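Could you have a look at this structure, given as structure tokens, before my questions?
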């Protein structure tokens, strides 16, 4: 596992798993559990305050620093804080485009504010080349890669929600998606159910895969499998 910190973008490079912590709602016990399995921890602006409350110093803090307590900011070791002043993107966007890792686990980005959650989902699709899973109390969410295989219990909820025009194929779903054209104002695929080993393919980035929290281990394993493939970088 390799960790590199740089003043040249991307800020963080890791061959392992990066835990990215935001300032939204998050269960601290679950956060500590995920922290133990992660190689690097990065805070998105005010997420640094949650980590400080838990006695954790992140490897990097990235953002415009409009929501972090100045006292917390000044207490960080030299080289940890990376200020990006522009106001045209969210702190999650600033972080995601500056982390190059095998896998990113985002916590604190699903919360009570729908506008914040929707903005985070848009960022996921904007940076579809990044393998990032948003972990929440009720859902785990990822931009579906070109192809993915999942081993999930029969009857598991599997939802597909498009943020662009996307077509795909499926096996292992109660309602197959072959031949359908998904788009936000047309066909969507929420509340499908697993009937066997799942295999999904998509023709372009833009499909959100939404699963229950217990599906996270299978999803992480699948995303780390080289056979899954990646979307090209468009940044």
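The values are calculated or read from the model by the stated rules, or taken from the named source; none is laboratory data. Given the structure is predicted, the values throughout are model-derived calculations rather than measurements. In this analysis, Cβ positions are derived from the backbone assuming ideal geometry, glycine residues included, and neighbour counts consider all displayed protein chains.
I'm trying to understand the selection: among the residues of region 143-174, which are buried (at least 20 other Cβ atoms within 10 Å of the Cβ), out of contact with any helix residue (DSSP H, G or I) (no Cβ under 8 Å at 6 or more places or on another chain) and not in a strand (DSSP E or B)?
144, the sole residue that qualifies.
Go through 219, 200, 223, 208 for me and flag whichever is under 18 Å from residue 122 (Cβ atoms) and surrounded by 13 or more Cβ atoms within 10 Å (Cβ to Cβ). It would help to see each step written out before you state the result.
On the way: 219 fails: under 18 Å from residue 122 (Cβ atoms); 200 fails: under 18 Å from residue 122 (Cβ atoms); 223 fails: under 18 Å from residue 122 (Cβ atoms).
From the options 219, 200, 223, 208, the qualifying one is 208.
Do the conditions hold for residue 212, that is, is it in contact with a strand residue (DSSP E or B) (Cβ under 9 Å, 6 or more places away or on another chain) and outside the structural domain of residue 27 (by TED's automatic domain parsing)? Explain how you work it out, then say what you get.
Numbers: in contact with a strand residue (DSSP E or B) (Cβ under 9 Å, 6 or more places away or on another chain): yes; outside the structural domain of residue 27 (by TED's automatic domain parsing): yes.
Considered against the rule, which asks whether it is in contact with a strand residue (DSSP E or B) (Cβ under 9 Å, 6 or more places away or on another chain) and outside the structural domain of residue 27 (by TED's automatic domain parsing), residue 212 comes out as yes.
Is there a residue in region 7-19 that is crowded, with 22+ Cβ neighbours inside 10 Å, within 24 Å of residue 119 (Cβ to Cβ), at pLDDT 90 or above and in contact with a helix residue (DSSP H, G or I) (Cβ under 8 Å, 6 or more places away or on another chain)?
Yes: one or more hits.
Does residue 64 meet the test of being touching a residue at least 12 places away in the same chain (Cβ under 8 Å) and in contact with a strand residue (DSSP E or B) (Cβ under 6 Å, 6 or more places away or on another chain)?
no
Hey, another quick one. Among the residues of region 55-78, are any touching a helix residue (DSSP H, G or I) at 6+ places or on another chain (Cβ under 7 Å), assigned to a helix (DSSP H, G or I) and closer than 22 Å to residue 137 by Cα?
For region 55-78, residues touching a helix residue (DSSP H, G or I) at 6+ places or on another chain (Cβ under 7 Å), assigned to a helix (DSSP H, G or I) and closer than 22 Å to residue 137 by Cα: absent.
When region 175-190 is examined, which residues are found to be in contact (Cβ under 8 Å) with a residue 12 or more places away in the chain, surrounded by 14 or more Cβ atoms within 10 Å (Cβ to Cβ) and more than 24 Å from residue 126 (Cα to Cα)?
none
For the subset of region 180-235 comprising residues that are part of a strand (DSSP E or B) and touching a helix residue (DSSP H, G or I) at 6+ places or on another chain (Cβ under 7 Å), which member is nearest to residue 117 (Cα to Cα)? If you could, list the steps in order and put the result at the bottom.
Looking only at region 180-235, we keep the residues that are part of a strand (DSSP E or B), and these are 181-182, 187, 189-202, 207-211.
Narrowing further to those that are touching a helix residue (DSSP H, G or I) at 6+ places or on another chain (Cβ under 7 Å): 208, 211.
Details: 208: 13, 211: 16 Å.
The extreme case among them is 208.
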